[in-house]
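Since the structure comes first, as structure tokens, the remarks are kept for the end.
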Amino acid sequence: MDLLLEIGTEELPAGWVPVALETLSSLLARELMDARLVAAAPAVRTFGTPRRIAAIVANLSERQPDLEERVEGPPEQAAFSGGQPTRAAEGFAKKLGVSIADLKIEGGRLVGVRRATGRPAIEVLSPLLERVVKALPARQKSMRWADHDVSFPRPVRWIVALAGTEVVPFRFADAQSGRETRGHRFRAPAPIALTDPSHYESALLHGHVIADLAKRRAATLEAAQRAAATENLSLDDNLALLDEVTQLTEEPHALVGHFDAADLALPPEVVKSEMQKHQRYFPVKKDGKLANAFVVISNVPVADPALSRAGYERVLKARLSDARFFFEEDRKQPLEARVDRLDRIVFQQALGSMGDKVRRIETLSEWLAPRCGADAKAARAVAHLCKADLTAAMVGEFPELQGVMGRVYATSLPDDQRQAVEDHYAPRTAEGALPSAPLGAVVALADRFDSLAGIFGIGKEPSASADPFGLRRAALAVIRTVLHFGFSISLKEIIAQAAAPLGAQLAVKPDVLQEKLHDFFRGRLKALWADRASADVVDAVLEAGIDDLVAAQKRLTAVASLQQRADFLPIAETFTRVSNLLAQAQEKGFSWTRAVAPPSKSSEAEQRLWAAVAEFEKSDHRQVEVALLGLGKLQPHLARFFEDVMVMVDDTDARAQRLALLGRIQEHFRPIADFRRIQTKRA
Amino acid sequence: MPVPSTFQDLILKLTEYWTAQGCVFLQPYDLEVGAGTMNPSTFLRVLGPEPWNCVYVAPSRRPSDSRFGENPNRLHQHHQLQVILKPAPGDPPMDVQEVYLGSLAAIGLTARDHDLRFVEDDWESPTLNAWGLGWEVWCDGMEVTQFTYFQQVGGYDIKPVAAELTYGLERIAMYLQQKDNVFDVVYARRPDGTPISYGEVWKQAEFEFSHYSFHASEPKTLFALFDTYESECKRLLAGGSGGQVPLSGAWPVLALPAFDQCLKCSHTFNLLDARGAISVTERARFLGRVRALAKGCADAYLQTRARLVFPLLKDRARADREAAQLLTTKAA
């Protein structure tokens, strides 16, 4: 039989529904497997609209299979005394619901079999489904309603729970589960009784609800495209908006509206922001350019579209006229004139005003630019204006336009610098687009290193749960930018440069700051690299240093590809042995000097290793791929060496020579990776 | 339902609807507030277990939104229609959303002609130690109501949960009358049917209060007033003994008069803010002072109602239990 669970609610937050469906699906699968109502991970189909989240699980057992489980009891000595069962044995038998005669001795212990008769699915499902509903919101902001103690993201109004044709009875707040669902709030308000889970989707479709999220998304897109096409317009692609709009209706209906073409004199970003962010309208294009029209997705087909269209248009018109007012006001003065006002905006109490921050970004950008192939003077000019738009009315109204308005208003700068003003905020999201050129990247890096060094420096680094300055995202942005442009710069130097002007304001000592920030970057790299190599390889590479991020990533790639080779584990083991030996020697206080030539009286294994090292050093071993290949070739010689030669001998000369040889080898591989981190024994 | 043809007809239709739903029809509070939530009939009445249903117009003053009567959409003073439903009706088919949709139908807005939607919008007021979850209700893309289920107010869990419905009257009137400028809205009609416009009623006030907000108010005086209202509020919250040995003729803790002083502080702060007299850092400090007063008023009000054993609550056992609980925690 199939199982249907539908939680009917008041309108849910759009962003939560897709998350809830994933949680619902995995919760149900786990619970049903634990309850032995399915043998393996079941097929779960989910449905979600603004007013419901639902799932159908196929092929449940009608009852749990009987359980037979071997259980170990007390040891034989404790179970019998003088051939008679003890209390412990009797207790054990009672626990299993069997008699002493049914128990056996196995491996010196009393052993029995617990048998449980499977219960009918309906009985098991009642508490199970109640648990699932309670656990569902987990990490979502939830609310209480009426006088209930339970919470959910919005009030729960009905619950459908059907196992086959039968209702699974349970209660959540004042909703008692049943077989009645509801159709569209306005188009099919009467309850719809379901006889069987298989009718769910079609019954709702009849009730003007497209319950399947993917289908409704496709229908929304199609409706929007079709509406746009009626006026020879095309949709401006915006998948995030499509996802959101899909969650705002149960049945999409599209309408085209218009606005005054004169409003197109506003920057297109402003017009689009008004439509997308504030009104959830789709901007449309004509001949590749933004048109003075939009597509809106309505939840109902209204009786007279003209009336409703006029409403949509009037709202947008008021917003655009506000925007025009801001735009005109803002342009009454040059952007340069706004820079001084940044002194009145607090960046962070201990770190001064936004004006202070800008002055630091200017200096840091100027220092960084030549190291990144950008012009120092241009970088300073961009940095000077990069935050000036924060005091513009338009940015006050649309914070998401910071940077964009800076670019629009920075009319005194050449085009590439104007673009860099906008780009210094990039990437704006974890996966957002990076700056388009090195100039913007330089200022972006300077801005982020100023925040990282400053906030860590005053001891306000992010905790596991709170990151109010978005430093995790900032560090990730730094890494992505540096790697994308291939900037070969020293993390340590930049941090030192960024911290320098803060001097007395910092509560943390310079070396501690370096250490903390390096740790922080290692944490981000670990996450970023998780799908490029196994965790131990990532650790090994991180441990060898991350000062040059570009080089670090190259090393990772090289080690990860070496890992694909059959002889990787022996190589890792051998190098680990080298490092361990050297560490031991150091601990014991043994000393050795850097080896230059093989000693005269040495074994064959020693001689061969010397020769191999010399051969390796003749190769182009600065290239990490070449170095790793070469180091791989040393492995058999090293293995032989360890077999034939004792390193830690009492003869101090011989020992020093051998340690020196190993030290010389370690010098070559240790900057690439710390092989001791590689898991050589697979669990 | 025919669409109300004037601003005042809109108010009448909505209040008529909500009084028919059992709401107490209150008159606007006679102090300056920034929003209907600050009215004691909301802020204080939602505290504790007592039921409370009311409707009132809240003239809402936002000095920073002053535009000299020249902006078609922004006003120094706009009008909200505020409804509090505690507890919010929950039984289908007439649950609180349906009852609310009935009020839209009463002013001619139905799903037959319009796209009505509940779009997630959570509400939070750090100054009032309050938050709630709910929606902005859209009519053809325009926000017509803020719909909030109060979760906490004054730092107290609200139980039973109260629903707050806040209608933006000017916006709705503009929509219904299809006007692009608020001052063109028909406010009322003379006996001969000629319109009296919103501008005729309010434009001069907008002009004068805008000048007051931005130029004429005196920060020095306002700062002094803020201090005075603040200490007055604290004095009233301390009760007639001022926290000292009880005097003869002492009066009890006066939560309601104290809250008036808190509201005056809040409005004075808004005036200072509009005047640009408060720096960013100072701002947080002033808001913190208002927050402390509001919290004190909430505490005092709950104590008072608890001492009266929550007289509006039908479930007397619960009233006794919750009153006792509140009074003992306070004592401890």
Against the 2.2 N^0.38 Å rule of thumb, the C-alpha Rg of region A:517-578 sits at a ratio of 1.12
Shielding of A:142-150 by other chains, given as the mean Cβ count within 10 Å, works out to 6
Note: A:SER465 to A:THR680 extended length (0.36 nm per residue) minus current alpha-carbon separation gives 73.9 nm
Treating only Lys and Arg (+1) and Asp and Glu (-1) as charged, each at its beta carbon, one finds that chain A has a dipole about its Cα centre, in Debye to the nearest 20, of 520 debye
Output field shielding_mean for B:131-142 (other chain Cβ, 10 Å radius) holds 6
For peptide A:293-300, the mean count of other chain Cβ atoms within 10 Å per residue Cβ is 3
With no solvent term and unit scatterers on the alpha-carbon positions of region B:36-107, Debye gives log₁₀ I(q)/I(0) at q = 0.20, 0.25, 0.28 Å⁻¹ of -0.93, -1.09, -1.19
Sorted on mean Cβ neighbours within 10 Å (highest first), peptides A:133-143, B:108-118 come out as B:108-118, A:133-143
Binned at 10 Å starting from 0, the alpha-carbon pair-distance distribution of region A:213-304 in whole percents comes out as 17, 53, 27, 3
Checking B:ALA163, B:ALA173, B:ALA306 against a Gaussian network model of chain B (alpha-carbon springs below 10 Å), the top fluctuating residue turns out to be B:ALA306
Of all DSSP beta bridges having both residues in the protein assembly as shown, the percent classed as antiparallel (nearest 5) is 95 percent
One checks the Cα atoms of region A:530-683 and finds Rg and Dmax, in Å, of 15.5, 49
Under Stokes-Einstein, region B:1-122 at 37 °C and 0.692 mPa s, with its Kirkwood radius over C-alpha pairs, diffuses with a coefficient in µm²/s of 204 µm²/s
Partner lysines whose C-alpha sits under 26 Å from that of A:LYS104, ignoring same-chain residues fewer than 8 away, are A:LYS94, A:LYS95
Expressed to two decimals, chain A has a Cα Rg over Rh, using the Kirkwood radius, of 1.08
Note, B:THR148: beta-carbon cut-off 9 Å, +1 each Lys/Arg, -1 each Asp/Glu, net -3
Ranking B:CYS297, B:LEU327, B:ALA255 by how far each Cα lies towards the positive end of the charge dipole of region B:217-331 (+1 on Lys and Arg Cβ, -1 on Asp and Glu Cβ), the top one is B:LEU327
Output ordering of B:221-233, A:83-95, A:437-449 (per-residue mean of other Cβ within 10 Å, highest first) is A:437-449, B:221-233, A:83-95
The relative contact order of region A:292-416, taking Cα pairs under 8 Å that sit 6 or more residues apart, comes to a percentage of 23 percent
Straight-line reach check, A:LYS377, cutoff 24 Å on alpha carbons, 8 or more apart in-chain or any other chain, hits among lysines -> A:LYS357, A:LYS387, A:LYS492
Computed on Cα atoms, the radius of gyration and Dmax of region B:217-331 in angstrom are 17.3, 53
Mean Cβ-within-10 Å packing, highest first, puts peptides A:622-630, A:284-292, A:123-131 in the order A:123-131, A:622-630, A:284-292
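Per residue Cα convex hull volume for region A:455-608, in cubic angstrom?
Once divided by residue count, the hull of region A:455-608 is 191 Å³.
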With a ≥ b ≥ c from the Cα gyration tensor eigenvalues, square-rooted, and the rule rounded for a/c under 1.5, otherwise prolate when a/b > b/c and oblate otherwise, region B:249-294 is prolate
log10 I(q)/I(0) for chain B, Debye formula on C-alpha points only (no solvent), q = 0.10, 0.12, 0.16 Å⁻¹, two decimals, reads -0.65, -0.93, -1.43
dims of region A:433-477, Cα set, principal axes, largest to smallest, nearest Å -> 33, 20, 11
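Only the coordinates and a few stated rules stand behind these numbers; no lab work does. Keep in mind that what you see is a predicted model, and the values were worked out from it rather than measured. Backbone-built Cβ (ideal geometry, glycine too); neighbour counts: all protein chains shown.
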